[in-house]
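Working notes for the structure below.
Since every read-out is calculated from the coordinates, none of them should be taken as a lab result. From a predicted model like this one, the values you see are computed outputs, not experimental measurements. When we count neighbours, we look across all protein chains shown, and the Cβ atoms used for this are built from the backbone with ideal geometry, even at glycine.
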Amino acid sequence: MNIVITGASKGFGKSIAGRYASSGHHVFLCARNLDVLEETRDEMIAAWPDARVSIQAADLSKKEDILRFAEWIKKETGNIDILINNAGRFIPGSTFNEPEGTLEEMIDTNLYSAYHLTRALLPGMMKQKKGHIFNMCSIASIHAYTNGGAYSISKFALQGFSKNLREEMKPYNIKVTSVIPGAAYTDSWKGSGVDPKRIMEADDIADMIFASSMLSPQACVEDIILRPLAGDL
Ligand SMILES: NC(=O)c1ccc[n+]([C@@H]2O[C@H](COP(=O)([O-])OP(=O)(O)OC[C@H]3O[C@@H](n4cnc5c(N)ncnc54)[C@H](OP(=O)(O)O)[C@@H]3O)[C@@H](O)[C@H]2O)c1
C-alpha cells in the first residue's frame, strides 16, 4: 500500500512510518527540516533494507507548501491508500495570556495542514472509491483544560473536520478515523521533567493506527481514544 504521513521525522509520525515501512508498504513522508527527515529515512533503510521510503521537505502551515507536497505525491504515486494527517505542534498557554498570533499559528499548523492536504488528495481517492484517512486529534479535542488555549481550540476544530469528513466519505468507501491520544512521550515532551513511564509510547499510537487500517473493507474505526494507564496529566 502507499501511505502518506505528515510530520514524520520524529515522534508519532516516525513511529507510524516505521510500522508501515517495516511491513512492506511504501511510505511518503514530510517534515520541515530536511536534514532530520533524511536521517529518519536512512535509519529506516538501515533497519529494514527493503523499506520504500520517499521524503519531501514541506512546511504544512503554509498552503503553497501543502499544494507543492500534494503535487509531488501525485507525481510519485498513482494511488494513495492511506493518508495520515499527523503534523502538528503544541504551544501551551491560555486564551487570556498566550502571545498574539498563537491561535493563527495553531490553526495553520494543526487544522489547515490537514484540511488543505486532504482536499488536494481526495479527488484521486474518491475516484478509486477506496482509502483511509487518519486525523491526529488529541484528548485536547474532547476535553477542555486550563493550559489548552489555542492548541485545544485547533484540536477541537480538527476533530470537527474529521467527523464531517467521516459522514461525507461514506458513499465513496473512504474510511475516516479520528485518533485521540492523551500524553505520549515524544520530542515534544523532552525537557518537561515528565517520567516517560508515566505516559504512553509513540509506538502505542502507531500500533493502534496500523491495526485499524488492517480490518475488513466494511469496518471503519471512527475514533481511537487512548490515555496513559494512570490517566491524563
Ligand atoms: N505527544 C503527545 O503527547 C501528543 C498527544 C496528543 C496529540 N499529539 C499530536 O500528535 C502529533 C504529533 O506529535 P508528536 O508529539 O509526535 O510531535 P513531535 O515529536 O514534535 O514531532 C512532530 C513532527 O511533525 C513535524 N512538523 C511540525 N510542524 C510541521 C509543519 N508545519 N509542517 C510539516 N511538518 C511539521 C516535525 O518535524 P519538523 O519540526 O522538522 O517540521 C516532526 O517530524 C501532533 O499533531 C500532536 O498535536 C501529540
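Yes/no matrix, rows are residues, columns are (1) assigned to a helix (DSSP H, G or I); (2) within 11 Å of the ligand (Cβ to nearest atom); (3) small (G, A, S); (4) touching a residue at least 12 places away in the same chain (Cβ under 8 Å):
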residue: S192; (1), (2), (3), (4): no, yes, yes, no
residue: K197; (1), (2), (3), (4): yes, no, no, no
residue: A206; (1), (2), (3), (4): yes, yes, yes, yes
residue: F210; (1), (2), (3), (4): yes, no, no, yes
residue: M214; (1), (2), (3), (4): no, no, no, no
residue: P217; (1), (2), (3), (4): no, no, no, yes
residue: C220; (1), (2), (3), (4): no, no, no, yes
residue: I224; (1), (2), (3), (4): no, no, no, yes
Hits in the stretch 129-160 - residues which are assigned to a helix (DSSP H, G or I), under 22 Å from C30 (Cβ atoms) and away from the ligand (no atom under 12 Å from the Cβ): A157
Against the conditions (1) part of a strand (DSSP E or B); (2) within 7 Å of the ligand (Cβ to nearest atom); (3) among the hydroxyl-bearing types (S, T, Y), where does S61 fall short? Just the number, please. (1)
Can you go through S94, S54 and tell me which one is more than 25 Å from A150 (Cβ to Cβ), outside any helix (DSSP H, G or I) and more than 13 Å from the ligand (Cβ to nearest atom)? S54
Check on L233, out of contact with any strand residue (DSSP E or B) (no Cβ under 9 Å at 6 or more places or on another chain), free of Cβ contacts under 8 Å to residues at least 60 places away in the same chain and of a type in the set (A, V, I, L, M, F, W, C): yes
Among (1) in contact with an Asp or Glu (Cβ under 7 Å, 6 or more places away or on another chain); (2) away from the ligand (no atom under 12 Å from the Cβ); (3) farther than 24 Å from N79 by Cβ - the single one T177 does not satisfy: (3)
Residues satisfying the stated conditions in the stretch 193-218, i.e. surrounded by fewer than 12 Cβ atoms within 10 Å (Cβ to Cβ) and over 21 Å from the mean Cα position of the chain (by Cα): G193, D195, K197, S216, P217, Q218
Of (1) under 20 Å from K130 (Cβ atoms); (2) crowded, with 21+ Cβ neighbours inside 10 Å; (3) out of contact with any Lys or Arg (no Cβ under 9 Å at 6 or more places or on another chain), I80 fails just (3)
Of all residues in the stretch 219-228, how many are surrounded by 15 or more Cβ atoms within 10 Å (Cβ to Cβ), farther than 27 Å from V194 by Cα and out of contact with any helix residue (DSSP H, G or I) (no Cβ under 6 Å at 6 or more places or on another chain)? 1
Being within 14 Å of I82 (Cβ to Cβ) and away from the ligand (no atom under 16 Å from the Cβ) is the filter; apply it to the stretch 10-51 and report the residue that is surrounded by the fewest Cβ atoms within 10 Å (Cβ to Cβ). G24
The conditions are (1) within 16 Å of the ligand (Cβ to nearest atom); (2) assigned to a helix (DSSP H, G or I), and P171 fails exactly one of them. Which is it? (1)
Does the stretch 114-125 include one or more residues that are more than 16 Å from the ligand (Cβ to nearest atom) and not in a helix (DSSP H, G or I)? no
